[in-house]
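Report on one structure; see the data block that follows.
The values are calculated or read from the model by the stated rules, or taken from the named source; none is laboratory data. Keep in mind it's a predicted model, so treat the numbers as computed, not measured. FYI the Cβ positions are ideal-geometry reconstructions off the backbone, even for glycines, and counts take in every protein chain you see.
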Amino acid sequence: MPQELVEASGHLIDSHVMEQIFDTVVEYNGRFEVEQFRIGRTNADPSYLRLKLETAQPADMQQLLSQLLGLGCSPVDTGDATLETVEKDCCAPLDFYSTTNHRTEIRYGSKWVEVENQRMDAMIVVEDGRGFCRRLRDLRKGDRVVVGMRGIRVAPESKERDRLAFAFMSNGVSSERQLETAVRQTAALMEQVRADGKKIVFVAGPVVVHTGGASAMAELIRGGWVSALLAGNALGVHDIESALLGTSLGVRQTDGRQEEHGHRNHMRAINAIYHAGGIAKAVETGKLTSGVMYECVKAGVPFVLAGSLRDDGPLPDTITDMNRAQDAYAEQIKGAGLVLCLGSMLHSIATGNMLPSWVKIVCVDINPAVVTKVSDRGTGQAVGVVTDAGQFLGLLAACLRKEMGTAR
């Protein structure tokens, strides 16, 4: 029977990684024998696990190793990673290694090298002794790509005991008291991230405008809490419609009543921005004087509006090429310490798939299924707040305003 020695280290018990490793071996019809296990004596000390694995067939062992690798359990003494050369643009070798979003190292030249630009569902390309995550569409003929499972080490994010604990991690938020707790903890995390010199990126859907959260988001932008804004065409359109015409989807923001002929207001807003020559030009000429997009321009906060098949218009600033839009998103999340997702399942999932696992995500949505889907897509670092996005933003802005006032 094929046998392998594998090992893992880290906060194996706190993070339930050890039981996941055992369950995975059983699930893939393998057998294991614990050869060594050392438990960390302090909060900072990692635990260590060494297993002997057996499977019925070599193919079963390869499948099992591929699953264990994502849990941080890798073969012992594997030697250097195996590299193969790309023979055609956008075509990886058949046995390419597909990355996770966890910290990854490859063994190259008898040394462990940390892989850069970590993200899930990419290939590892080795250049000049360095390893990089690269998307399939970016592979070029001559690139040297890691294949197989040897010489690869993955370190999943562990639930460390001294990490900022989110009370809302395990359950959806339903009561006002729980929501206020979630807001305070999110505000504390934002303060920590900003103090560390990392970016706070907002991903937002048009529901921010529909639920009255635009003014709170504008305040957060003015306060320097937003490093970049990632959204779709709809957020920009309805924010500008609200700023120019006082409606959102034709509904008056003041009293919630349908405006006469209001169904065309979003098209009037798009038309006005085209006449101005773009969002920035509309701000410069005084055509646009309020709203989320206005505050981004005034504060120099970069924004990316990614188009979709259903967009009206779209706005001249909207990127309609999906590859370009994805590239623009990826550029803005570089250096992020926190991503706050508000009422946009599509863009939340897309952003989460681009992020390494050590970047925290707070996903706010009235629909519990959205939070679940973001996590199910592999973004395990996402924590959910099930509530109205506008209410959350209002409380968050008030909390940060109070904290900053107290600090001063």
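The set of residues from the stretch 358-380 being crowded, with 21+ Cβ neighbours inside 10 Å and not in a helix (DSSP H, G or I) comprises VAL359, LYS360, ILE361, VAL362, CYS363, VAL364, ASP365, THR379.
Is it true that some residue in the stretch 261-273 is of a type in the set (Gly, Ala, Ser), surrounded by fewer than 18 Cβ atoms within 10 Å (Cβ to Cβ), under 32 Å from the mean Cα position of the chain (by Cα) and assigned by TED's automatic domain parsing to the domain that holds THR247?
Taking every residue of the stretch 261-273 in turn, none turns out to be of a type in the set (Gly, Ala, Ser), surrounded by fewer than 18 Cβ atoms within 10 Å (Cβ to Cβ), under 32 Å from the mean Cα position of the chain (by Cα) and assigned by TED's automatic domain parsing to the domain that holds THR247.
Let's see how each residue does on (1) within 30 Å of the chain's Cα centre (by Cα); (2) surrounded by 18 or more Cβ atoms within 10 Å (Cβ to Cβ); (3) within 26 Å of LYS334 (Cβ to Cβ):
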| site | (1), (2), (3) |
| --- | --- |
| THR42 | no, no, no |
| ASP45 | yes, no, no |
| PRO58 | no, no, no |
| PHE96 | yes, yes, yes |
| ASN101 | yes, yes, yes |
| ILE106 | yes, yes, yes |
| GLY109 | no, no, no |
| TRP112 | yes, no, yes |
| ARG119 | yes, yes, yes |
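In the stretch 285-308, of all residues being farther than 22 Å from GLN332 by Cα and free of Cβ contacts under 8 Å to residues at least 12 places away in the same chain, the one that is surrounded by the fewest Cβ atoms within 10 Å (Cβ to Cβ) corresponds to GLY286. Considering the stretch 1-57, the residues that are touching a Phe, Trp or Tyr at 6+ places or on another chain (Cβ under 8 Å) and among the hydroxyl-bearing types (Ser, Thr, Tyr) include one that is farthest from ARG103 (Cα to Cα), namely THR55. Within the stretch 314-336, the residues that satisfy the criterion of being within 24 Å of SER357 (Cβ to Cβ) and among the acidic types (Asp, Glu) are ASP327, GLU331. Quick one: in the stretch 192-207, of everything that is under 19 Å from the mean Cα position of the chain (by Cα) and in a helix (DSSP H, G or I), which residue is surrounded by the most Cβ atoms within 10 Å (Cβ to Cβ)? Across the stretch 192-207, the extreme among qualifying residues is VAL193.
With the structure loaded, tell me whether LEU64 is under 24 Å from TYR97 (Cβ atoms) and part of a helix (DSSP H, G or I) or whether it fails that test. Spelling it out, LEU64 is indeed under 24 Å from TYR97 (Cβ atoms) and part of a helix (DSSP H, G or I). The sole residue among GLY213, GLY236, GLY224 that is farther than 19 Å from ALA306 by Cβ, buried (at least 24 other Cβ atoms within 10 Å of the Cβ) and either outside the structural domain of VAL362 (by TED's automatic domain parsing) or touching a residue at least 60 places away in the same chain (Cβ under 8 Å) (or both) is GLY213. Within the stretch 87-137, how many residues are touching a residue at least 24 places away in the same chain (Cβ under 8 Å), under 23 Å from LEU355 (Cβ atoms) and not in a strand (DSSP E or B)? Selection size over the stretch 87-137: 14. Within the stretch 236-282, the residues that satisfy the criterion of being within 23 Å of GLY213 (Cβ to Cβ) and hydroxyl-bearing (Ser, Thr, Tyr) are SER242, THR247, SER248, THR254.
Okay, residues lined up against (1) among the small types (Gly, Ala, Ser); (2) over 18 Å from GLY224 (Cα atoms); (3) surrounded by fewer than 21 Cβ atoms within 10 Å (Cβ to Cβ):
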position: LEU346; (1), (2), (3): no, yes, yes
position: ASN353; (1), (2), (3): no, yes, yes
position: GLY394; (1), (2), (3): yes, no, yes
position: ALA398; (1), (2), (3): yes, no, yes
position: LYS402; (1), (2), (3): no, no, yes
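Results for (1) over 28 Å from ALA350 (Cβ atoms); (2) in contact with an Asp or Glu (Cβ under 7 Å, 6 or more places away or on another chain); (3) outside any helix (DSSP H, G or I), shown as yes or no for each residue.
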{"residue": "ALA218", "(1), (2), (3)": "no, yes, no"}
{"residue": "TRP225", "(1), (2), (3)": "no, no, yes"}
{"residue": "LEU230", "(1), (2), (3)": "no, no, yes"}
{"residue": "GLY256", "(1), (2), (3)": "yes, no, yes"}
{"residue": "GLU260", "(1), (2), (3)": "yes, no, yes"}
{"residue": "HIS266", "(1), (2), (3)": "no, yes, no"}
{"residue": "ALA272", "(1), (2), (3)": "yes, no, no"}
{"residue": "ALA280", "(1), (2), (3)": "no, no, no"}
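VAL76 falls short on exactly one of the conditions (1) without any contact (Cβ under 8 Å) to a residue 60 or more places away in the chain; (2) closer than 19 Å to ILE152 by Cα, and that condition is (1).
For GLU295, state whether it is among the charged types (D, E, K, R), assigned by TED's automatic domain parsing to the domain that holds ILE366, part of a loop (DSSP other than H, G, I, E, B) and farther than 30 Å from ARG137 by Cβ. Criteria not met by GLU295. For GLU331, the criteria (1) in contact with a strand residue (DSSP E or B) (Cβ under 8 Å, 6 or more places away or on another chain); (2) within 16 Å of ALA228 (Cα to Cα); (3) part of a helix (DSSP H, G or I) hold in every case but one, which is (1).
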